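Engineer: Input: one structure, supplied below.
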Amino acid sequence: MLNLKRWTAAVLCAALGLGLSACTLKTPANVMTVDGVQVPAGVYLMYQLNAYTEAESLVEDGAAVQDGQIEGQDAVDWVHEKTVEDLRRWVWIDREFEAQGLKLEGDGLTQAQSQAASNYEATADWYADNGIGAASYETFYLTETKYQMLYEAWAETAHKISLEDAEAYMDEHYVNISSLVLPVSDDEGNQATDEARNQIDTYARELTDALNAGGTLSELAGETVKKACEAVGRTYDEESTLSSLMMTGFASDDSNGYFSEEVVQALRDQDVGYAMLQTELSAPVIYQRVANYADDEEFESMYYVQIENLMKQEQYQQLAAEGSSGYAVEEDASAVKTYAVKNIKEME
């Protein structure tokens with residue numbers, strides 16, 4: 001376990017490009033106070049690293065966090081604001097946990113500590129490079145364990161989400177997409193001639209038109225794939241060829257799944273059944289927005305429990321945000337500068 005002096009020194013040494021043996025400068029032990037609670041540097045850095053990792057998936061135009069923007073805001077500022085928000089929540093969790101009379105002790109505590117140690121060890125070098133010691137990570141992990149316990153206790157008594165509301169949530173936040181890649185090589189991997197590729201692109205356009213006229217990929221894809229295989233000299237097997245070229249999956253607000261952001265956004269704005277074609281790729285790909293579920297029965301049996309849990313999690317996150325939003329934050333400007341976002345090290 002790294003002691004405080006060692007891991008705080010590691011951050012500044014890394015920032016200056018020095019080894020620990022050469023660095024004797026002291027770094028701040030605390031970064032800020034949240035409603036009077038001091039935030040140790042290691043805890044601050046752990047939540048900052050979490051915010052940075054989230055920012056990497058949100059930054060616009062594939063830019064680096066250092067140079068990018070998130071919804072019009074400098075990503076570096078977004079990371080700092082997210083870190084402060086999560087540290088307010090960090091303080092709220094401990095207070096709410098005590099107020100609810102919950103306990104993390106005995107086997108539960110031992111198991112959580114063991115899991116924290118295991119998680120830390122899995123990427124110890126990366127955490128250490130970012131100034132986060134095992135003790136700081138354990139503090140973070142135990143707090144998040146308390147949050148989960150708080151949520152579970154609340155969820156048991158929270159009102160049940162109606163089937164109608166759950167369906168509306170899924171339809172608002174999820175897009176179900178089917179895709180078909182048409183073959184452009186023969187059984188030996190030889191690429192289609194220009195003439196064959198042009199013919200396959202024509203088949204793709206015809207299929208896309210048919211889909212937009214009211215067909216579905218599951219109904220119409222087989223015949224098009226068979227013709228494409230003939231054009232390129234590839235064996236067509238009714239049991240395996242089509243299934244190997246088709247895929248269906250969900251994209252959500254948080255993840256595009258298998259699909260590009262361009263495709264997801266294009267389909268999100270269209271009605272179920274709409275199809276689009278991309279021919280500029282190495283092979284033509286057809287995408288179609290399909291229904292998230294066939295009917296109430298399928299939704300209830302396959303998705304309701306997951307969606308209800310997501311909705312309740314969001315409700316509880318909002319409760320936590322509201323409970324901690326009034327906490328006063330006093331930042332140590334020098335400490336914040338010392339632990340600047342620019343010093344974060346990427347995982348190798």
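The values are calculated or read from the model by the stated rules, or taken from the named source; none is laboratory data. Everything quoted here is computed from the prediction, not taken from an experiment. When we count neighbours, we look across all protein chains shown, and the Cβ atoms used for this are built from the backbone with ideal geometry, even at glycine. Remember, those area values only see protein heavy atoms, side chains included, never the ligands or the DNA or RNA. Shrake-Rupley method; radii C 1.70, N 1.55, O 1.52, S 1.80 Å.
Engineer: Being loosely packed, with under 14 Cβ neighbours inside 10 Å, out of contact with any Ser or Thr (no Cβ under 8 Å at 6 or more places or on another chain) and either outside any helix (DSSP H, G or I) or at positive phi (or both) is the filter here, so list the residues in the stretch 177-203 that pass it.
Structural biologist: E188, G189, N190, T193
Engineer: Of everything in the stretch 35-80 that's farther than 26 Å from E138 by Cβ and of a type in the set (V, I, T), which residue is most open to solvent (accessible area, probe 1.4 Å)?
Structural biologist: Ranking the qualifying residues of the stretch 35-80, first place goes to V76.
Engineer: Restricting attention to the stretch 144-163, which residues are farther than 23 Å from S301 by Cβ and either at pLDDT 95 or above or in contact with a Phe, Trp or Tyr (Cβ under 7 Å, 6 or more places away or on another chain) (or both)?
Structural biologist: Once the filter is applied, which keeps residues that are farther than 23 Å from S301 by Cβ and either at pLDDT 95 or above or in contact with a Phe, Trp or Tyr (Cβ under 7 Å, 6 or more places away or on another chain) (or both), the stretch 144-163 yields E144, T145, K146, Y147, Q148, M149, L150, Y151, E152, A153, W154.
Engineer: Specify the residue that is nearest to the chain's Cα centre (by Cα); the eligible residues are those in the stretch 102-135 that are among the polar types (S, T, N, Q) and assigned to a loop (DSSP other than H, G, I, E, B).
Structural biologist: The selected residue is T123.
Engineer: Within the stretch 293-320, which residues are of a type in the set (D, E, K, R), surrounded by fewer than 17 Cβ atoms within 10 Å (Cβ to Cβ) and closer than 25 Å to F97 by Cα? Please lay out each step first, then the result.
Structural biologist: We begin by selecting, within the stretch 293-320, every residue of a type in the set (D, E, K, R); these are 295-298, 300, 308, 312, 314.
Adding the requirement that they be surrounded by fewer than 17 Cβ atoms within 10 Å (Cβ to Cβ) leaves 295-298, 300, 314.
Across the stretch 293-320, the qualifying residue is only E314.
Engineer: I'd like to verify a number: residues in the stretch 335-348 that are part of a helix (DSSP H, G or I) and either of a type outside the set (A, V, I, L, M, F, W, C) or farther than 19 Å from Y52 by Cα (or both), how many?
Structural biologist: 4
Engineer: Please go through the stretch 321-346 and give me each residue that is within 10 Å of V31 (Cα to Cα) and open to solvent by less than 70 Å² (accessible area, probe 1.4 Å), ordered by number.
Structural biologist: Pass one, the stretch 321-346, residues within 10 Å of V31 (Cα to Cα): 330-339.
Across the stretch 321-346, the qualifying residues are D332, A335, V336, T338, Y339.
Listed here are the residues, each with its yes/no results for (1) in contact (Cβ under 8 Å) with a residue 60 or more places away in the chain; (2) open to solvent by less than 20 Å² (accessible area, probe 1.4 Å); (3) in a helix (DSSP H, G or I); (4) of a type in the set (A, V, I, L, M).
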residue	(1), (2), (3), (4)
T143	no, yes, yes, no
W154	yes, no, yes, no
I161	yes, yes, no, yes
D171	yes, no, yes, no
V175	yes, yes, no, yes
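Engineer: For the stretch 81-110, enumerate the residues that are of a type outside the set (D, E, K, R) and loosely packed, with under 12 Cβ neighbours inside 10 Å.
Structural biologist: Within the stretch 81-110, the subset of a type outside the set (D, E, K, R) is 83-84, 87, 90-93, 97, 99-102, 104, 106, 108-110.
Result: A99, G101, G106, T110.
Engineer: Oh, and also: Under 6 Å between Cβ atoms, at least 6 apart or on separate chains: pull out the pairs that start in the stretch 186-202 with a residue that is farther than 13 Å from E230 by Cβ and end on any residue that is open to solvent by less than 30 Å² (accessible area, probe 1.4 Å) and among the hydroxyl-bearing types (S, T, Y).
Structural biologist: Matching pairs, first to second residue: Q191/S185.
Engineer: Hey, among the residues in the stretch 204-219 that are without any contact (Cβ under 8 Å) to a residue 40 or more places away in the chain and open to solvent by less than 50 Å² (accessible area, probe 1.4 Å), which one's farthest from R289 (Cα to Cα)? Even if it seems obvious, please write down each step before you answer.
Structural biologist: Applying the first criterion (without any contact (Cβ under 8 Å) to a residue 40 or more places away in the chain) to the stretch 204-219 yields 206, 209-210, 213, 215, 219.
This time we only want the ones that are open to solvent by less than 50 Å² (accessible area, probe 1.4 Å), so: 210, 215.
Details: A210: 14, G215: 12 Å.
Checked the stretch 204-219; the qualifying residue farthest from R289 (Cα to Cα) is A210.
Engineer: Among what's in the stretch 37-71 and is among the aliphatic types (A, V, I, L, M), part of a helix (DSSP H, G or I) and free of Cβ contacts under 8 Å to residues at least 40 places away in the same chain, pick the residue that is nearest to A335 (Cα to Cα).
Structural biologist: Just the residues of the stretch 37-71 that are among the aliphatic types (A, V, I, L, M), to begin with: 37, 39, 41, 43, 45-46, 49, 51, 55, 58-59, 63-65, 70.
Then drop every residue that is not part of a helix (DSSP H, G or I), which leaves 41, 43, 45-46, 49, 51, 55, 58.
If we keep only those that are free of Cβ contacts under 8 Å to residues at least 40 places away in the same chain too, we end up with 51, 55, 58.
Values: A51: 18, A55: 22, L58: 26 Å.
If we take residues in the stretch 37-71 being among the aliphatic types (A, V, I, L, M), part of a helix (DSSP H, G or I) and free of Cβ contacts under 8 Å to residues at least 40 places away in the same chain, then A51 is nearest to A335 (Cα to Cα).
Engineer: With the checklist (1) in contact (Cβ under 8 Å) with a residue 60 or more places away in the chain; (2) closer than 26 Å to I307 by Cα; (3) open to solvent by less than 60 Å² (accessible area, probe 1.4 Å) in hand, flag the one item L277 doesn't pass.
Structural biologist: So the condition that L277 fails would be (2).
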